[in-house]
Amino acid sequence: MGQGPQQATGEDKKVQETLQSTGEIPQHIAIIMDGNGRWAKQRAMPRIAGHSEGVESVRDTVEACGQLGVKYLTLYAFSTENWKRPQEEVSLLMRLLLRALKDETDRLHNNNVRLQAIGDIPALPLEMQNELMEDIQKTKDNTGLNLILALSYSGRWDLTEAVKRVVCDVQANNVEVKQIDEKLIASHLSTAGVPDPDLLIRTSGELRISNFLLWQLAYTEIFITRKHWPSFRRDELYQAIAEYQKRERRFGMVTEQLKKTSGQGNYLNQFLKSGTGP
Ligand code: FPP
């Protein structure tokens with residue numbers, strides 16, 4: 001098992017401690033890492049240079065999340081739609097992702113990070129599938145941050161696959177149609193067992209979900225920054241968390257209900273435990 005995240009130091013540590021004491025650290029953060037191409041274009045560099053600098057942003061974000069005690073970080077690294085990009089960019093991106101996995105897994109492991117992947121993994125180049133499986137296996141017993149890479153992923157793909165599995169269960173007489181509810185559907189998604197994201201961060205200013213975790217983002221707080229992904233570092237992450245801590249998450253209820261307490265805690269906690277929406 002890995003050793004645990006290398007601790008923050010100096011001013012950075014103080015900022016992290018402030019965030020931890022002023023409010024709740026989101027349990028699950030999801031990120032749409034956008035703007036690599038624009039970042040490179042602004043610098044008259046090839047697009048791949050933007051993706052490459054984006055790996056540095058991933059490294060810093062993963063480290064900061066681990067130190068803060070975030071439990072899940074889901075990164076939209078390659079969407080189903082990204083396959084439609086020019087062949088050369090797709091193949092360079094695949095090579096970059098493979099390189100990043102090879103270079104970073106030991107560091108992830110030493111920081112007690114557990115690597116997971118969601119998406120149409122068999123669609124990836126074989127070498128990448130093998131590397132992923134090896135890295136997932138190596139880090140499987142780690143108990144710190146769960147780093148989930150969304151690769152060849154889209155929300156509609158996820159829902160389509162879930163529907164196929166539910167139908168198979170019905171046809172095999174394992175499930176009756178009247179038993180199909182939100183909990184059952186969630187248990188057939190690629191994120192089964194993972195709590196829904198509390199916070200979605202999107203870089204580069206676009207106001208879209210772009211076919212990311214369509215089901216799972218139902219009640220997620222959204223933070224958009226104009227920064228391109230390669231310029232995103234832990235300072236922006238801290239800003240996003242500070243903003244999240246100011247939001248009131250009502251999950252369709254009214255403010256007064258959130259304040260009322262009962263035997264088992266407030267209504268909100270009961271709602272979250274029940275796993276179903278109002
Ligand atoms: C979006 O920018 C970014 C991607 C499609 C790829 C994201 C991949 C990385 C950051 C590589 C590292 C990832 C990991 C997990 C190690 P864009 O190309 O759409 O930018 P644009 O909208 O400005 O063209």
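The values are calculated or read from the model by the stated rules, or taken from the named source; none is laboratory data. If you're wondering where the values come from, they're calculated on a predicted model, not measured in any experiment. Positions of Cβ are backbone-derived with ideal geometry, glycine not excepted, and every protein chain shown enters the neighbour counts.
Looking only at residues in the stretch 13-36 that are charged (D, E, K, R) and in contact with a helix residue (DSSP H, G or I) (Cβ under 7 Å, 6 or more places away or on another chain), which one is surrounded by the most Cβ atoms within 10 Å (Cβ to Cβ)? Lay out the reasoning, then the answer.
At the first step, the residues of the stretch 13-36 found to be charged (D, E, K, R) are 13-14, 17, 24, 34.
Okay, now just the ones that are also in contact with a helix residue (DSSP H, G or I) (Cβ under 7 Å, 6 or more places away or on another chain), so 24, 34.
Numbers: GLU24: 12, ASP34: 23.
Result: ASP34.
Which of the residues that make up the stretch 201-225 are under 20 Å from GLU63 (Cβ atoms) and within 16 Å of the ligand (Cβ to nearest atom)? Even if it seems obvious, please write down each step before you answer.
Initially, the stretch 201-225 is screened for residues under 20 Å from GLU63 (Cβ atoms), giving 201, 203, 223, 225.
The answer is ILE201, THR203, THR225.
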Problem - First in the stretch 127-138 and closer than 14 Å to ASP106 by Cβ, second anywhere and charged (D, E, K, R) and at pLDDT 95 or above, Cβ under 7 Å, 6 or more apart - result: GLU131/LYS102
Practice task
May I ask you to verify whether VAL113 is within 13 Å of the ligand (Cβ to nearest atom) and free of Cβ contacts under 8 Å to residues at least 24 places away in the same chain?
Solution key: no
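Just to be sure I understand, how many residues within the stretch 13-39 are touching a residue at least 24 places away in the same chain (Cβ under 8 Å) and either within 16 Å of the ligand (Cβ to nearest atom) or in a helix (DSSP H, G or I) (or both)? Talk me through it step by step, then tell me what you get.
Of the stretch 13-39, the ones touching a residue at least 24 places away in the same chain (Cβ under 8 Å) are 15-16, 19-20, 22-36, 38-39.
Pick out the ones that are also either within 16 Å of the ligand (Cβ to nearest atom) or in a helix (DSSP H, G or I) (or both) and you get 15-16, 19-20, 22, 29-36, 38-39.
Count: 15.
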Problem - Residue in the stretch 226-233 that is more than 16 Å from the ligand (Cβ to nearest atom) and modelled with pLDDT of 95 or more present - result: no
Exercise for the section: Please find, among THR80, THR61, the residue that is surrounded by fewer than 21 Cβ atoms within 10 Å (Cβ to Cβ) and touching a Lys or Arg at 6+ places or on another chain (Cβ under 9 Å). Expected result: THR80
Handout entry: Close pairs from the stretch 84-95: first not assigned by TED's automatic domain parsing to the domain that holds ALA123, partner among the aliphatic types (A, V, I, L, M), Cβ under 7 Å, at least 6 apart
Key = none
Practice task
Looking at (1) away from the ligand (no atom under 16 Å from the Cβ); (2) closer than 30 Å to ALA8 by Cβ, find the lone condition where VAL177 falls short.
Solution key: (2)
Exercise for the section: Could you tell me whether the stretch 41-49 includes any residue that is outside any helix (DSSP H, G or I), at pLDDT 95 or above, within 16 Å of the ligand (Cβ to nearest atom) and crowded, with 19+ Cβ neighbours inside 10 Å? Expected result: no
